[in-house]
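Below is one structure, written out as structure tokens, with a few remarks after it.
The values are calculated or read from the model by the stated rules, or taken from the named source; none is laboratory data. All figures in this text were calculated on a predicted structure; none of them were measured in a lab. Note: ideal-geometry Cβ built from the backbone for every residue, glycine included; neighbour counts use all protein chains shown.
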Amino acid sequence: MSEAVFSKPRYLQARGDSARVELLPGEFDVWAQHAEDSDDFALETASAGKGGPFGAQLWLARTIEGKTEYKPVYGGEKDYNDSNAVVSKGQASAHAEAENLSVEKRQEVLDFLRENKGQGWEVVQVSSGESCPSCRSKQMLFAQELMNEGLIEAGQFHVVFKATYERTGLDANFNDEPYDTGLRALFNLKVLDDKNGLFIMNDVFDQSTVAQDLISKGKIVRTPVVYAKEDSLPQNVVDAIAEHTANGTPYAAVISPDGKVLSEAVDTRTSEAGATNDFEQTAIVQALHGAWKSQREELDIFEAWELKGARVVTNINDIGPLAYNEALWSSLHSLQVLGGNDEVDFNAREIPSLSNRDLFKMVALEYNVDESPLHVVHSVDPSVPNRAHAAWPGILKKLAEEQGIDAHYDGAQADHE
């Protein structure tokens with residue numbers, strides 16, 4: 001792997017040139033204006049102390065005989081805008097795109113497209129900032145779900161964003177690029193092609209001078225995936241893993257550095273006919289969210305997602321991209337695997353139609369390659385700052401004074417989209 005792999009920013013493959021724009025349903029200027037509107041909405045909600053300065057919208061659109069219909073997706077809300085809610089929820093991954101892809105809104109899209117199948121409708125998510133790997137995993141999962149039902153075709157799930165990783169870093173001191181670069185390294189070093197997958201990540205990165213240089217400069221963020229030592233775990237976790245593995249049930253626990261079990265979870269997704277695939281009900285994601293919630297509610301920790309060297313222990317050998325990327329926000333010591341079997345891995349698939357390994361490869365792909373179901377468009381000149389991002393340092397200072405938030409907090413670990 002050469003440095004050249006990472007010298008070309010992702011967004012360059014998503015520039016709004018004529019060929020890229022022509023693939024969007026409707027007028028590009030309409031989507032660019034929606035991105036501007038999300039930026040304004042983000043400025044309002046960030047000023048109100050809800051979360052970081054990012055906004056997103058979800059739309060259905062179709063063009064017939066030169067005329068485009070636009071349908072906003074409301075879910076249970078009156079406004080089709082959503083904003084980052086990390087601060088208000090204490091949840092590291094409550095980014096604007098993720099809030100915008102709530103299970104209620106995804107169900108609304110599914111129901112509408114089922115009722116209007118074959119009528120040319122496509123999905124567009126608009127965001128004021130470039131999506132982090134966790135949000136991209138959710139976009140990919142939903143796109144795959146819609147494609148599996150024949151409701152859209154590949155490339156008909158569009159993502160239009162305003163600020164690039166670099167622009168956001170310059171203006172608001174949020175930097176998702178190291179998380180994304182870690183994924184690009186996994187893909188380009190062919191870690192995901194090896195039969196041992198994520199378990200060889202550390203060894204492969206250690207053998208790459210480019211990866212080591214990027215890690216030393218803070219340009220790659222990763223969480224090691226290793227096999228657990230049974231004698232290092234609480235006995236109740238060992239027993240739970242044995243029981244759930246025997247039943248083929250995916251399980252995960254978060255264990256603090258001092259050995260306390262902070263949370264436990266199993267995969268609780270429903271198999272009810274017609275229900276959306278609720279990927280946030282998978283075991284690892286639920287366990288992480290449970291630990292964040294307990295730290296916010298029981299310990300009154302503001303940066304509740306910061307788990308400071310805790311471990312996630314699971315019986316899932318084939319860890320999916322959403323689980324892995326969700327874990328990156330927590331500064332974990334490692335993701336540790338004990339036991340497990342093929343049945344557990346089958347039931348742990350984040351989208352039932354694909355192995356987690358194959359889904360992981362899709363999430364790590366560059367923008368707009370043939371193998372990706374997403375169509376990604378960058379809406380503005382990269383030199384143009386977001387209004388919400390430019391205002392964020394001042395907003396943060398004010399919130400710190402009003403709410404007693406530590407002044408050092410800048411969202412570097414979580415408040416991204």
Can you find even one residue in the range 396-404 that is in a helix (DSSP H, G or I), under 21 Å from residue 84 (Cβ atoms) and modelled with pLDDT of 90 or more? no
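Listed residues 270, 276, 282; which is polar (S, T, N, Q) and without any contact (Cβ under 8 Å) to a residue 12 or more places away in the chain?
The conditions single out 270.
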Per-region count, the range 371-393, residues part of a loop (DSSP other than H, G, I, E, B) and not acidic (Asp, Glu): 9
Please list, ordered by residue number, the helices (runs of 4 or more DSSP H) wholly in the range 152-223 having 2 or more residues that are of a type in the set (Gly, Ala, Ser). 165-172, 177-188, 209-216
I'd like the residue in the range 103-126 that is buried (at least 20 other Cβ atoms within 10 Å of the Cβ) and within 25 Å of residue 286 (Cα to Cα) and, out of all such residues, is nearest to the chain's Cα centre (by Cα). 125
Yes or no: residue 343 touching a helix residue (DSSP H, G or I) at 6+ places or on another chain (Cβ under 9 Å) and buried (at least 22 other Cβ atoms within 10 Å of the Cβ)? no
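Quick check on the range 213-226. Is at least one of its residues on the phi > 0 side of the Ramachandran plot and at pLDDT below 95? Quick ask: steps written out before the conclusion?
Step one: list which residues in the range 213-226 are on the phi > 0 side of the Ramachandran plot, which gives 218.
If we keep only those that are at pLDDT below 95 as well, we get 218.
Yes, some residue in the range 213-226 is on the phi > 0 side of the Ramachandran plot and at pLDDT below 95.
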Need pairs with beta-carbon distance below 6 Å; first residue touching a residue at least 12 places away in the same chain (Cβ under 8 Å) and within the range 164-177, second among the charged types (D, E, K, R); sequence gap 6+ or separate chains. 164/130; 165/130; 165/176; 165/177; 173/410
For the range 193-227, which positions are touching a Lys or Arg at 6+ places or on another chain (Cβ under 8 Å) and crowded, with 19+ Cβ neighbours inside 10 Å? 201, 205, 215
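Name the one entry in 92, 14 that is over 21 Å from residue 386 (Cα atoms), buried (at least 23 other Cβ atoms within 10 Å of the Cβ) and not β-branched (Val, Ile, Thr).
Numbers: 14 fails: over 21 Å from residue 386 (Cα atoms).
Sole residue among the options that is over 21 Å from residue 386 (Cα atoms), buried (at least 23 other Cβ atoms within 10 Å of the Cβ) and not β-branched (Val, Ile, Thr): 92.
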